[in-house]
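Here's the structure, in structure tokens; my notes come after.
Derivation of every value follows stated rules applied to the coordinates shown; laboratory data play no part. All values derive from a computational prediction rather than experimental measurement. Note that each Cβ is placed from the backbone with ideal geometry, even for glycine, and that neighbours are counted across all protein chains shown.
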Ligand SMILES: [Zn+2]
């Protein structure tokens with residue numbers, strides 16, 4: 001059987017060499033001979049090999065060089081220094097007036113009056129790096145648009161500007177490309193368990209920091225996305241495609257998707273009219289080549305951060321394509337073997353069909369956008385909320401990061417001119433900002449600020465809320481009266497501060513997001529850094545100032561380096577972190593502790609290791625790696641689980657374990673970790689890693705909250721209802737209000753007991769039996785935003801989210817949730833950073849009975 005299969009596939013591969021254009025392209029097509037096919041340029045038939053990103057870029061540049069129809073722009077580069085390109089396909093006449101086309105297109109789009117201007121659409125490929133068929137299809141599409149002499153193609157180029165992002169995730173794609181090529185056999189092996197088809201951890205899906213870029217369109221954490229958003233808004237296309245792959249035994253998916261998963265704030269016209277119309281074109285094209293497909297039963301368009309949904313919030317139409325993946329060159333399925341070439345052909349056909357459908361449906365696309373903006377402006381006028389005010393004068397870094405995100409989405413932001421009080425909270429002039437609802441991108445404003453958008457579906461593919469104001473945990477208020485708007489912001493940078501030289505001490509508080517960055521910078525420069533475990537009040541320039549829990553103290557004389565070097569390091573730390581650092585001439589404070597108090601502790605420099613590799617959730621690990629690399633500048637050693645036996649654990653004072661399956665750790669490894677904790681180590685565990693540590697006896701406490709979802713009387717349901725009923729019980733990602741002990745080192749610098757926390761898993765702790773160990777507790781009415789099943793609410797409310805257990809000389813910090821979710825939870829990042837920087841100084845108080 002296998003032998004026949006190999007012979008067949010070999011034959012199949014051979015066929016591409018001689019007849020490749022016929023396989024991919026419509027038979028009647030005529031092509032310019034001056035333009036090389038991808039096969040001629042690359043030296044192998046498309047589908048017989050995985051194309052490296054640099055070769056793909058070279059091919060696009062070659063097309064730019066040879067043809068008047070193509071322009072290639074470099075829009076940026078990835079963490080691993082791969083070029084991000086965007087290609088523009090249109091007639092040479094249109095190319096000569098491209099800027100005029102763009103500005104007219106943008107100027108008229110709100111009114112739908114762009115009938116005489118070429119239609120702008122964008123094709124996007126390979127956001128998940130190991131869904132490799134699409135970038136190969138991008139090269140075929142590029143060739144087709146550049147070389148075809150068919151009248152239809154000429155018409156497209158005359159009447160359209162086709163933008164193409166041929167590889168959204170170059171770092172991830174190359175990781176997979178090298179994997180597939182290095183394991184490729186001849187004859188090919190279709191066995192699904194062959195190494196070619198089973199990538200090693202973390203796989204090519206993610207970017208450099210193991211983030212899913214198909215969530216990042218809304219969060220804009222990474223350069224790939226920031227560059228892409230700038231290009232997107234520069235052009236604001238009417239259509240955006242997003243090509244993916246799914247399981248090998250599936251078929252092909254195109255929109256319309258699941259109607260219960262349509263975003264309720266996006267006008268219905270898109271879902272009821274545009275998607276079904278385009279669906280007709282896709283089905284026709286796939287019928288013609290005999291490909292099977294499905295629609296309507298899966299995939300959501302709720303969340304604005306997917307490549308196939310972001311544009312929907314700007315009056316355009318986003319299209320998702322999901323092709324069953326060969327994940328390698330050929331793989332067995334429940335029917336015939338799936339070849340890479342076959343998967344590429346479906347993607348290519350869908351891309352050409354998108355172009356064909358878009359130009360045919362141009363009047364409807366123009367109407368869609370005009371109606372969308374009319375609707376936005378009308379609903380904004382009806383909104384009882386007139387504006388949002390926000391800002392944290394104590395944290396310029398976090399406030400600026402949030403504003404830059406709003407600006408990336410082209411949301412209008414204004415600076416507050418005079419200090420105001422809303423809902424009992426003071427918003428400082430110049431340090432607070434206003435976002436009026438009366439603006440064209442009102443739907444994005446709602447997506448960022450609203451917490452209570454209700455969704456009809458209770459099954460969430462990904463998350464059930466994404467209110468960014470809560471992720472950043474910034475003070476904010478809804479303004480329901482009319483507002484006067486003064487200065488519109490076009491960019492923002494956090495304030496810089498000057499430091500006065502001191503011969504006695506420097507102090508700063510932990511309120512700024514970059515406080516830990518400043519601490520680490522000082523430690524790196526050899527400065528001894530201390531922390532006040534109790535607040536103090538002192539006079540600064542004639543006024544009293546209180547420094548809260550955890551504030552940083554740097555004595556000048558009790559140091560191993562001279563005061564000039566300390567001053568230099570202090571200045572660098574202040575400017576690297578935009579931190580206001582104060583000089584003091586006396587340690588005698590007017591309130592609270594003095595600077596030489598026994599409540600002032602010397603901080604240890606974090607020596608951090610994180611377990612990674614098979615079984616570990618790459619995204620959670622990557623979020624920590626990214627946080628420490630990009631925001632703090634703190635190195636973290638990533639040790640593969642299989643190498644733990646070789647690790648000298650004493651090199652590290654802190655070990656991090658994120659969610660995962662830790663069955664690869666045997667008893668010896670576990671005992672090794674336990675004795676490291678007993679000897680003074682700080683183990684930080686997140687979600688299921690916390691459950692693992694509890695079950696392995698890292699604490700004597702029974703911390704796992706019982707599952708109240710279990711019902712005693714068992715009702716009988718229909719078999720087919722299981723997906724909906726059971727899925728509805730899952731915690732699909734919601735925002736909770738929690739009470740935080742701000743006097744606990746984990747809560748240092750937050751300033752407020754009530755904070756927002758993101759939860760997307762079932763881990764919940766019972767409060768600790770030690771009165772001082774429950775650092776974070778879910779409130780009794782905890783849901784801020786998102787979906788929550790009644791059974792989950794019962795399990796969560798009043799229970800614990802963060803517990804610290806003391807074990808020997810060390811301690812274990814249990815997080816029920818992921819405080820670093822998607823690089824966007826600036827609020828709870830602080831708790832995690834506190835665990836790293838203050839963990840080794842936490843001694844859980846013993847209780848006197
Ligand atoms: Zn995908």
Checklist entry - Quick one: in the stretch 49-122, what % of C-alpha pairs are over 17 Å apart? => result 56 percent
Next on the checklist: I'd like the Kirkwood hydrodynamic radius of the chain, using the inverse of the mean 1/r over distinct C-alpha pairs, in Å.
Outcome noted: 29.1 Å
Checklist entry - Which semi-axis lengths, in whole Å and largest first, follow from the square roots of five times the eigenvalues of the Cα gyration tensor of the stretch 31-172? => result 27, 19, 13
Checklist entry - the stretch 563-608 to the stretch 622-694: how many Å between their Cα centroids? => result 30 Å
Checklist outcome for this item: In nm², the average projected area of the convex hull spanned by the Cα atoms of the stretch 327-371 is 4.7 nm²
Item to check | Cα long-axis angle, helix 275-288 against the chain (0 to 90 degrees, to the nearest 10) | outcome: 50 degrees
Checklist outcome for this item: Counted neighbours (other Cβ, 10 Å), sorted fewest up, put 289, 88 in the order 289, 88
Checklist entry - How much FRET efficiency would the formula 1/(1 + (r/R0)^6) give for residue 107 and residue 71, where r is the Cβ-Cβ distance and R0 is 25 Å, rounded to 0.05? => result 0.70
Item to check | Per-peptide average of other Cβ atoms within 10 Å, ordering 669-680, 575-586, 351-362 highest first | outcome: 351-362, 575-586, 669-680
Next on the checklist: Against the empirical 2.2 N^0.38 Å scaling, what ratio does the C-alpha Rg of the stretch 93-220 come to?
Outcome noted: 1.40
Next on the checklist: Just to be sure I follow: if Rg is taken over the C-alpha atoms of the stretch 184-235 and Rh is the Kirkwood radius over the same atoms, what is Rg/Rh?
Outcome noted: 1.23
Checklist entry - For labels at residue 770 and residue 504 in the simple 7 Å Cα→Cβ model, what's the distance in nm? => result 3.7 nm
Item to check | Amide N proximity, the stretch 107-143 versus residue 40 label position 7 Å along Cα-to-Cβ, cut-off under 16 Å | outcome: 140-143
Checklist entry - Angle, helix 515-524 long axis vs. longest principal axis of the chain, Cα atoms, 0 to 90°, nearest 10? => result 80 degrees
Next on the checklist: I'd like to compare 553-560, 819-826: which one has the highest average count of other Cβ atoms within 10 Å, and what's the full order after that?
Outcome noted: 819-826, 553-560
Item to check | Coordinate range along principal axes, alpha carbons of the stretch 119-190, Å, largest first | outcome: 44, 26, 15
Item to check | Sites residue 720 and residue 524 - FRET efficiency at Förster radius 60 Å, r taken between beta-carbons, to 0.05 | outcome: 0.50
Next on the checklist: Kirkwood Rh and Cα-based Rg: tell me the resulting Rg over Rh for the stretch 260-330, rounded to two decimals.
Outcome noted: 1.01
Checklist entry - Going by how many other beta carbons lie within 10 Å of each one, how would you line up 748, 31, 547, 342, fewest first? => result 31, 342, 547, 748
Checklist outcome for this item: Most packed first (mean Cβ within 10 Å per residue), the peptides 279-285, 251-257 order as 251-257, 279-285
Checklist entry - Which log10 I(q)/I(0) values, to two decimals, does the stretch 190-293 give at q = 0.09, 0.16, 0.21 Å⁻¹ under the Debye formula with one point per Cα? => result -0.37, -1.09, -1.25
Checklist entry - Taking N as the number of residues in the stretch 796-843, what is its alpha-carbon radius of gyration divided by 2.2 N^0.38 Å? => result 1.24
Next on the checklist: Suppose the chain between residue 481 and residue 115 were pulled fully straight at 0.36 nm per residue; how much longer would it get relative to their current alpha carbon spacing?
Outcome noted: 127.8 nm
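Percent relative contact order of the chain, based on C-alpha pairs within less than 8 angstrom and at least six residues apart? Spell out each step's value before the answer.
On the way: 1781 pairs, mean separation 84.6, N = 849.
10 percent.
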Checklist entry - Hey, got the Cα dimensions of the stretch 744-849 along the principal axes, in Å, largest first? => result 41, 34, 22
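Order of 164, 610, 246 from fewest to most other C-beta atoms within 10 Å?
On the way: 164 24, 610 21, 246 16.
Fewest-to-most Cβ neighbours within 10 Å comes out as 246, 610, 164.
Express the relative contact order of the stretch 127-224 as a whole percentage, based on alpha carbon pairs under 8 Å and six or more residues apart in sequence.
40 percent
Per the Cauchy relation, a quarter of the hull surface: what is the mean projected area of the convex hull of the alpha carbons in the stretch 164-204, in nm²?
Averaged projected area of the stretch 164-204's Cα convex hull equals 3.6 nm².
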Next on the checklist: To test your reading of the geometry: what angle, between 0 and 90 degrees and rounded to tens, separates the Cα axis of helix 362-382 from the longest principal axis of the chain?
Outcome noted: 30 degrees
Checklist outcome for this item: Rounded to one decimal in nm, the spacing of the 7 Å Cα→Cβ label points at residue 648 and residue 664 is 2.3 nm
Checklist entry - So what is the relative contact order of the stretch 598-721, in percent, for Cα pairs below 8 Å that sit 6 or more residues apart? => result 24 percent
Next on the checklist: How big is the stretch 683-798 along each principal axis, measuring the range of its Cα positions in Å and listing the largest first?
Outcome noted: 51, 33, 21
Checklist outcome for this item: Placing one equal point scatterer on each C-alpha of the stretch 300-354 and summing with Debye, one gets log10 I(q)/I(0) at q = 0.20, 0.21, 0.23 Å⁻¹ equal to -0.78, -0.81, -0.86
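Starting from the Cα-Cα distance between residue 539 and residue 193, subtract it from 0.36 nm times their residue separation and give me the gain in nm to one decimal.
117.6 nm
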Next on the checklist: Can you tell me the length gained on complete extension of the stretch residue 605 to residue 696, counting 0.36 nm per residue apart and subtracting the Cα distance?
Outcome noted: 29.9 nm
Next on the checklist: Looking only at the chain, where both bridge partners belong to it, what percent of the DSSP beta bridges are antiparallel (to the nearest 5)?
Outcome noted: 65 percent
Item to check | FRET efficiency estimate (nearest 0.05) - Cβ-Cβ, residue 493 to residue 417, R0 30 angstrom | outcome: 0.95
